[in-house]
Every structure is written in structure tokens, then in C-alpha cells.
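Enquirer: After the C-alpha cells below, expect a handful of questions from me.
The values are calculated or read from the model by the stated rules, or taken from the named source; none is laboratory data. Quick caveat, the model's predicted, so the values are computed rather than measured. Methodologically, a virtual Cβ is constructed for each residue, glycine included, from the backbone with ideal geometry; neighbour enumeration extends over all protein chains shown. Ligands, DNA and RNA are stripped out before the accessible areas are found, and what is left, the full protein with its side chains, is counted by its heavy atoms. Shrake-Rupley method; radii C 1.70, N 1.55, O 1.52, S 1.80 Å.
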Amino acid sequence: MLIAVGSTNITKIDPVKEVFAKHFKNVVVQGVKVDSGVDDQPMSDDEMYQGALTRAKVALGKVKMGEFGVGIEGGLHKRSYGWFEHSLVVIVDRKGKVGVGVSGGLVLPDKVIERIQGGENLEQAIDHIFGTKKIGEGIGMFGLMTRGVVTRTSGVAHGVAFALAPFLHPQVYV
């Protein structure tokens, strides 16, 4: 089974491979460079959804033998209790069926939000404040903030698992 992921970032590819392999045999995951069509730093769930949906559809279109396309878009959403950061995952198949899931997340500190509102994206803000380099390609902000308990990869895996649910239970997701 060939799965197309709308990213070449290993922290997005690995959780897709991990989750699909729990349910299907001979899983091959191909990362594809695509444009999300949304801002570099999405600031709402709707923007994250649009970016993830675009990534999933474009990736599936580029991988002709792919059975599923997966789009993963991290971003922020203003809640009553602060700016909440998480990843949103969209899975599409060739018939147009869509599954949506999200990772866990956390409220970002004001220091991070101030840098983002000043024009940086989350990775740039975290790298600046904590002295890291390209944190989003490693343990991610989740890994940094939880001291490795939840990494970017493990957090994204939950979103992938949740987005896959409609394909595992088609009798109730009609």
C-alpha cells in the first residue's frame, strides 16, 4: 500500500508509516514536497484544515499509485485560555473520502506568541528563545516543552490515528 504525505519532513512521514503499518500490510510512505496554500504560520483551525487538506490532495495527485494522501499542518488557534498549538491531520482517498484528526497540544507562553505576532513562525520563535536549530525537524516544540515525553513525531501519530478512523470504520462514517 502506497501512502503519499504532503511533506518531506521525517517527523511527519514516520508517524504516518507507524500508524498505517498497524492496520495495513506492506505500507510504503512517500513524502512529496507540496505547497499548503496557507500562511507559513497558520493562526486558526480553519487555516490548518485548509493547509492539511491541500497537502493531502496535492500529494495524492503527485503519487499516481498512492491509495491515500496525508496532509499535516501545525498551527495555532486562539482560545479563551490562550494561544493553543497543535497539528491537524487530513487523510483523503481516491474516492474523495476525508478523515480529520488532531494531535494533542498546549498553550504557548506569551514570549513565543509575541515573537510570532512580530512575524516569526513557531520554529523560528522557539529556536530564538531556546537556542535550538530547526526544532521542527527534530523533537519539535512538543518534545522541547515536555522534555521528551511527547515529541513532534509521537504527537502527530495521534492525529494520524484519529484521521484514519473513518477508513477503519466505514460502516459508521458514511
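Enquirer: Could you size up the charge dipole of the stretch 24-112 around its Cα centre, putting +1 on the beta carbon of Lys and Arg and -1 on that of Asp and Glu, and report it in debye to the nearest 20? Working shown, then result.
Expert: On the way: 12 positive and 11 negative charges, 108 e Å.
Here the size comes out at about 520 debye.
Enquirer: Let me ask something additional. Which trypsin sites (Lys or Arg not before Pro) in the stretch 41-75 pass both tests, a DSSP loop state and at most 15 other beta-carbon atoms within 10 Å? List each step's numbers first, then the result.
Expert: On the way: sites: Arg55, Lys57, Lys62, Lys64; in loops: Lys64.
Here the trypsin sites (Lys or Arg not before Pro) that fit, given the DSSP loop and packing criteria, are Lys64.
Enquirer: Taking the Cα of Phe84, stepping 7 Å toward and past its beta carbon, and measuring to each backbone N in the stretch 36-50: which are under 19 Å?
Expert: Correct set: 42-50.
Enquirer: Let me spell out the model: positive unit charges on the Cβ of Lys and Arg, negative unit charges on the Cβ of Asp and Glu, origin at the Cα centre of the chain. What dipole size does that give, in debye rounded to 20? The partial results should precede the final answer.
Expert: On the way: 20 positive and 18 negative charges, 140 e Å.
Charge dipole of the chain: 680 debye, to the nearest 20.
Enquirer: Another question, then. Can you give the Rg to Rh ratio for the stretch 58-101, taking only C-alpha atoms and Rh from Kirkwood?
Expert: Working: Rg = 13.9 Å, Rh = 11.9 Å.
Here the Rg-to-Rh quotient is 1.16.
Enquirer: Take the Cβ-Cβ distance between Asn26 and Ile129 as r, set R0 to 35 Å, and report the resulting FRET efficiency rounded to the nearest 0.05.
Expert: On the way: r = 43 Å, r/R0 = 1.23.
Plugging the Cβ-Cβ distance into 1/(1 + (r/R0)^6) gives 0.25.
Enquirer: Once the chain is represented by equal point scatterers at the alpha-carbon sites, with solvent omitted, what log10 I(q)/I(0) does the Debye formula produce at q = 0.10, 0.13, 0.15 Å⁻¹?
Expert: With one equal scatterer per Cα and no solvent, log10 I(q)/I(0) is -0.36, -0.60, -0.79.
Enquirer: Hey, another quick one. What ³J(HN,Hα) values, in whole Hz, does the Karplus curve 6.51 cos²θ - 1.76 cosθ + 1.60 give for the stretch 87-100 when θ = phi - 60°, with x put for Gly and Pro?
Expert: 10, 10, 10, 10, 10, 10, 10, 5, 8, x, 5, 10, x, 10
Enquirer: Write down the accessible area per residue of the stretch 61-103 in Å², having rolled a 1.4 Å probe over the full set of protein chains.
Expert: 44 Å²
Enquirer: Further, regarding this structure: So who's got an amide H within less than 5 Å of the one on Val27, skipping anything under 5 residues away but keeping other chains? H placed 1.01 Å off N, in plane.
Expert: none
Enquirer: Rounded to a whole number, what % of the accessible area of the stretch 31-126 do carbon and sulfur atoms account for, probe 1.4 Å? Could you put the intermediate results ahead of the total?
Expert: Numbers: 2280 of 4570 Å².
Heavy-atom surface of the stretch 31-126 belonging to carbon and sulfur, 1.4 Å probe: 50 percent.
Enquirer: Still on this model: I'd like the Karplus ³J(HN,Hα) series for the stretch 16-23: coefficients 6.51, -1.76, 1.60, θ = phi - 60°, whole numbers in Hz, and an x wherever there's a Gly or Pro.
Expert: Running phi through 6.51 cos²θ - 1.76 cosθ + 1.60 with θ = phi - 60° gives 5, 4, 4, 6, 4, 5, 6, 10 Hz.
Enquirer: So how far apart, in nm, are the two label points at Met43 and Thr8 if each is 7 Å from Cα heading toward Cβ?
Expert: 3.0 nm
Enquirer: Moving on to the next point. Considering the options Val19, Ile72, Ala52, tell which one lies farthest towards the positive end of the dipole of the stretch 1-100, charges being +1 on Lys and Arg and -1 on Asp and Glu at the Cβ, about the Cα centre.
Expert: Val19
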